[in-house]
């Protein structure tokens, strides 16, 4: 176990950024999101949850795949270079780290997504335990321990120190890079911090939400339930839930005419939109109820059916906070469990 005084964190950021791009929570215009660190950036490790998850670092909201240029009768296709620079994502919470693991199940299975795989290869995750979980958090429901986050390096803030524990080979390499800024530390402060965090988690209103009946074998029972007709009606189809979610992986592919060629790029899409998966023949889901049902069935039934029981919700609570119609996965789970939503 290592530690560094909080007042010296900027020196830590500076050291990392000398050889690797560094992304961490940055406060700008009153909101905190993961962004590229610079000397004048306002790093913000105190905010529990960024507005969007840090999945951008591995699965960007928009990225060019290749460019086509015509020269006379010849057509040139220039693939975009894969990520080849090491980078660090600093301060990811346990739920967001699990979110990346969910994305791994999608993008690293055959056929492997080479753009995502390159970023995973070059990215190092420094996770940060949740000092004060909030009422909208329910990661415990999905067996995620926010007091002991996964990641290449796990970190905790206790008193005036940030405690640092490498957990993988990547983590060991990063630790070696900053070793002269760290000092040896006892584990007792971290043990106390973990105990305090877990005690708070037990008191949160959604921590003991039951997933009984939700699994990969529940397709027929849940799909045909009349409850969907009641639940979906307030939905505005705004897509906010999908854009703040750490695990949503749907994307569209579009072409952009630059005037000097055509760039083919992909960008995040949402299963909540009426033109999602639109095909020449028709749209496979023609009503908002069907689209609403698809989102939650995928999180709680289809994904675990195809990924050894792994749910594609991590209990971060962003959809609970951000949905303008107060619809979210907690409400759906409670409704099917006959609890008060």
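The values are calculated or read from the model by the stated rules, or taken from the named source; none is laboratory data. Everything numeric in this text was worked out from a predicted model, so none of it was measured. Cβ coordinates were reconstructed from backbone atoms using ideal geometry, including for glycine residues, and neighbour counts include every protein chain displayed.
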>> Can you go through 287, 274 and tell me which one is over 21 Å from residue 99 (Cβ atoms) and without any contact (Cβ under 8 Å) to a residue 12 or more places away in the chain?
In response: 287
>> If a residue must be in a loop (DSSP other than H, G, I, E, B), loosely packed, with under 13 Cβ neighbours inside 10 Å and in contact (Cβ under 8 Å) with a residue 24 or more places away in the chain, how many such residues does segment 209-229 contain?
In response: 3
> Among (1) within 24 Å of residue 85 (Cβ to Cβ); (2) outside any strand (DSSP E or B); (3) in contact with a strand residue (DSSP E or B) (Cβ under 6 Å, 6 or more places away or on another chain), which single condition is residue 35 missing?
Replying inline: (2)
>> Being free of Cβ contacts under 8 Å to residues at least 24 places away in the same chain and touching a strand residue (DSSP E or B) at 6+ places or on another chain (Cβ under 6 Å) is the filter here; which residues of segment 19-32 pass it?
In response: 26, 32
> So which residues in segment 57-72 are crowded, with 18+ Cβ neighbours inside 10 Å and either part of a helix (DSSP H, G or I) or at pLDDT below 95 (or both), if there are any at all?
Replying inline: 57, 67
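The rows are residues; the columns are (1) in contact with a helix residue (DSSP H, G or I) (Cβ under 6 Å, 6 or more places away or on another chain); (2) in the same structural domain as residue 16 (by TED's automatic domain parsing).
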| residue | (1), (2) |
| --- | --- |
| 127 | yes, yes |
| 138 | no, yes |
| 160 | yes, yes |
| 163 | yes, yes |
| 209 | yes, no |
>> On the basis of being assigned to a loop (DSSP other than H, G, I, E, B) and over 22 Å from residue 160 (Cβ atoms), does residue 50 make the cut?
In response: yes
> Is at least one residue of segment 82-90 at positive phi, assigned to a strand (DSSP E or B) and in contact with a strand residue (DSSP E or B) (Cβ under 9 Å, 6 or more places away or on another chain)?
Replying inline: no
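Listed here are the residues, each with its yes/no results for (1) touching a residue at least 60 places away in the same chain (Cβ under 8 Å); (2) under 15 Å from the mean Cα position of the chain (by Cα).
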| residue | (1), (2) |
| --- | --- |
| 75 | no, no |
| 79 | no, no |
| 85 | yes, no |
| 97 | no, yes |
| 103 | yes, yes |
| 131 | yes, no |
| 136 | yes, no |
| 143 | no, no |
>> Please count how many residues of segment 38-56 are in contact with a strand residue (DSSP E or B) (Cβ under 6 Å, 6 or more places away or on another chain) and either farther than 30 Å from residue 16 by Cβ or surrounded by fewer than 13 Cβ atoms within 10 Å (Cβ to Cβ) (or both).
In response: 1
> For segment 244-267, does any single residue satisfy the condition of being modelled with pLDDT under 95, closer than 25 Å to residue 142 by Cβ and in contact with a strand residue (DSSP E or B) (Cβ under 8 Å, 6 or more places away or on another chain)?
Replying inline: yes
>> Being in contact with a helix residue (DSSP H, G or I) (Cβ under 9 Å, 6 or more places away or on another chain) and farther than 22 Å from residue 41 by Cβ is the requirement here; does residue 144 meet it?
In response: yes
> So which of 300, 236 is crowded, with 19+ Cβ neighbours inside 10 Å, touching a residue at least 60 places away in the same chain (Cβ under 8 Å), farther than 23 Å from residue 32 by Cβ and not assigned by TED's automatic domain parsing to the domain that holds residue 92?
Replying inline: 300
>> I'd like the full set of residues that are assigned to a loop (DSSP other than H, G, I, E, B) and either without any contact (Cβ under 8 Å) to a residue 40 or more places away in the chain or surrounded by 19 or more Cβ atoms within 10 Å (Cβ to Cβ) (or both), limited to segment 311-326.
In response: 311, 312, 313, 314, 315, 316, 317, 323
